[in-house]
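One structure is given here, and the rest of the page talks about it.
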Amino acid sequence: MWYLILFFLICFISCSPQNDELAISDGEKISPTIPEPQIPFNPEQYVCYKTDMSINIDGKMNESIWQHAEWTKDFVDIEGHLKPKPRFRTRAKKLWDDQYFYIFAEMEEPDVWATLKKRDSIIFYDNDFEVFIDPNGDTHRYYELEINSFSTEWDLFLDKPYRDDCRAVHFWDIGGMKSNVHVDGTINRPGDKDKGWTLEIALPWAALKECADKDAPPKTGDQWRVNFSRVEWQVEAKNNKYEKVINPETGKPFPEDNWVWSPQGVINMHYPEMWGFVQFSDKIAGAGVDEFEYQEEEDVKWALRQVYYRERSYYEKTGKFTDKIADLKLEYYELAEYIWPPLIEYTTSLFEAVLAHQDHTKKWHISQDGKTWQTTIPNSS
Ligand SMILES: [Ca+2]
Ligand SMILES: [Ca+2]
Ligand SMILES: [Ca+2]
Ligand SMILES: [Ca+2]
């Protein structure tokens, strides 16, 4: 019986959206099995305009420029349409200038509470708001930030997702970051009904630039991969204090809800390929509109991503990779300008799949650790 409990406990921990704690405690490798997202590839899109006025980071949307920035869609469950709508509304706005990337988040919340005050604590043990940024969209070298309603920050750098044997750098800080929370209600006082909390963040390009592998500040038209997540626990008032509701069957708190901007299709934020697209515009917010321009090459990267998911589960079953697309049971991909199927090469512990452009000028690659990159082929004529 005990091993059944252990099995389910391991499943629970490894399916948990944040494996950060695991990485801290033992640095253990995460199982190579990669569950595939259970929703179509359709990340949210947002055009982020500039501000021409300075923004006072006090947690309030009290600068008129914010009125011209559009709200994101209301957040949905991390698994998308597979799960019910969140209990409370969450939405966000974005702006930028030559110094900062600004984020504003609004969270409806009848019971505002927080416990953690020490920087770089595991903030998702409290209710929180989380930001994920992969500037160049290769799924490696990305930034994560979590903030609770005490304004306590946990920022970290990840060289790659946990599924690809990540070493998260918790001591990395977003130097020069500013953030502040405004509580519309009373924090840690049950018995009244709070409206919620709002969060204002300024992330300096100087810090984001370091591992961006891309221009920072961005150029107009540049697209970065970004997602937001809100962790929400079930709490109850006991002795005039908040406590997490305990599941009587497990003796532990019920699992947290994860409400996100762009749904992941799997209970894991560390699938950067599912994050939203933010396209930067050099227009001042309210002074014009730029259309979001979807890059067809994202479909090429997504087709290679299927090869990666399937190669990893093929490896799990057989102990080796394969160069035969039939072994991977992949559908035919109709790709504008790229030749299907990909060419796959492998060794005992590595693989690389390559899709070539029809005119043989460029190729897209993916490797066993999920990194995608493009190469151009010098003109042979
Ligand atoms: Ca403000
Ligand atoms: Ca990256
Ligand atoms: Ca840190
Ligand atoms: Ca309250």
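Each value in this text was obtained by applying a stated rule to the coordinates, not by laboratory testing. As the structure is a computational prediction, the values presented were derived from the model and not from experiment. No Cβ is skipped: glycine too gets one built from the backbone with ideal geometry, and neighbour counts run over all protein chains shown.
Could you state the principal axis extents of the C-alpha atoms in the chain, from the largest down, to the nearest angstrom?
The Cα atoms of the chain stretch 71, 64, 36 Å along the principal axes, largest first.
At a 10 angstrom cut-off on C-beta neighbours, averaged per residue, how do the peptides 198-208, 33-43 rank from highest to lowest?
In decreasing order of mean packing, 198-208, 33-43 become 198-208, 33-43.
For a bin width of 5 Å, list the pair-distance distribution of the stretch 83-171 built from all Cα-Cα distances, rounded to whole %.
3, 12, 18, 20, 21, 17, 9, 1
Calculate, for residue 249 and residue 376, the FRET efficiency according to 1/(1 + (r/R0)^6) with r their C-beta to C-beta distance and R0 41 Å; round to the nearest 0.05.
Computed FRET efficiency for residue 249 and residue 376: 0.10.
How long are the semi-axes of the equivalent ellipsoid of the stretch 297-376, defined as square roots of 5 times the Cα gyration tensor eigenvalues? Whole Å, largest first.
21, 13, 10
Starting from 0.36 nm per residue, how many nanometres of slack lie between residue 215 and residue 167 once their C-alpha separation is accounted for?
14.8 nm
Using θ = phi - 60° and the Karplus form 6.51 cos²θ - 1.76 cosθ + 1.60, what ³J(HN,Hα) does each residue of the stretch 275-285 get, whole Hz, x for Gly and Pro?
Ordered by residue, 3J(HN,Hα) equals 5, x, 9, 10, 9, 8, 10, 8, 6, 6, 3 Hz.
In terms of modelled amide H atoms, which long-range or inter-chain residues lie less than 5 Å from the amide H of residue 235?
Sorted by chain and number, the residues that satisfy this are 245.
Where in the stretch 183-223 does the label zone of residue 60 land, with the point 7 angstrom along Cα→C-beta and an amide N cut-off under 12 Å?
Output list for this probe position: 183-184.
What is the extension gain from residue 42 to residue 68, computed as 0.36 nm multiplied by their sequence separation minus the C-alpha to C-alpha distance, in nm to one decimal?
6.8 nm
So if we plug the beta-carbon distance of residue 317 and residue 82 into 1/(1 + (r/R0)^6) with R0 = 30 Å, what FRET efficiency do we get, rounded to 0.05?
0.70
Explain nothing, just the number: dipole magnitude of the chain about its Cα centre with +1 on each Lys and Arg Cβ and -1 on each Asp and Glu Cβ, in debye rounded to the nearest 20.
Charge dipole of the chain: 620 debye, to the nearest 20.
With each label point set 7 Å from Cα along the Cα-Cβ vector, what nm distance links residue 350 and residue 238?
5.3 nm
Based on alpha-carbon centroids, what's the gap between the stretch 47-64 and the stretch 227-295 in Å, whole number please?
22 Å
Which residue, chosen from 328, 33, 54, occupies the Cα position most advanced towards the positive end of the dipole of the chain, where the dipole is computed from +1 (Lys, Arg) and -1 (Asp, Glu) charges on Cβ about the Cα centre?
Result: 33.
List the GluC sites (Glu not before Pro) in the stretch 278-319 that DSSP assigns to loop (not H, G, I, E or B) and whose Cβ has at most 14 other Cβ atoms within 10 Å. Which are they?
Within the stretch 278-319, the qualifying GluC sites (Glu not before Pro) (loop, at most 14 other Cβ atoms within 10 Å) are 291, 293, 296.
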